[in-house]
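Notes follow once the structure below has been shown.
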Amino acid sequence: MLWGAWVGFFVIYETVALFTKRDDDTLSENTRRAFRTRTSKTGRALFTVAVAGGAAWFLLHILTETM
């Protein structure tokens with residue numbers, strides 16, 4: 001139930017953000033700003049490590065049924 005509510009909120013929020021076309025209101029824009037992916041090679045590298053690391057952990061977590 002909680003996951004469904006979160007997904008629903010996210011979908012509604014992102015849809016409104018996409019249609020209002022204001023700067024820095026979508027998840028993608030805020031992620032780019034937080035990691036400074038447009039201006040920093042270090043930011044790009046940190047973002048890559050964070051996403052790849054999270055994906056690798058989740059894959060192992062699901063397949064091996066471990067924490």
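With a probe of 1.4 Å, find how much accessible area the stretch 2-66 has per residue, and write the answer as a whole number in Å².
Details: 5680 Å² over 65 residues.
I get 87 Å² per residue for this part.
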Dipole-positive endmost among ASN30, THR64, TRP3 within the stretch 2-66 (Cβ charges, Cα centre): ASN30
So what J values fall out for the stretch 27-37 if you push phi through Karplus, 6.51 cos²θ - 1.76 cosθ + 1.60 with θ = phi - 60°, rounded to Hz, Gly and Pro as x? 4, 4, 5, 5, 5, 4, 5, 4, 8, 6, 5
Gain in length, THR48 to ARG36, computed as 0.36 nm per residue apart minus the alpha-carbon separation, to one decimal in nm? 3.1 nm
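Carbon and sulfur together cover what percent of the accessible area of the chain at a 1.4 Å probe radius? Please report the intermediate quantities before stating the final value.
Working: 4230 of 6070 Å².
Here carbon and sulfur together make up 70 percent of the probe-accessible area.
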Can you give the charge dipole size of the chain about its Cα centre, rounded to the nearest 20 debye, using +1 on the beta carbon of Lys and Arg and -1 on the beta carbon of Asp and Glu? 420 debye
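The values are calculated or read from the model by the stated rules, or taken from the named source; none is laboratory data. Because the structure is predicted, anything quoted here is derived from the model rather than measured. Ideal geometry is used to build each Cβ from the backbone, glycine not excepted, and the neighbour counts take in all protein chains shown. Just so you know, the surface numbers come from the protein's heavy atoms only, side chains and all, with ligands and any DNA or RNA stripped out. Shrake-Rupley method; radii C 1.70, N 1.55, O 1.52, S 1.80 Å.
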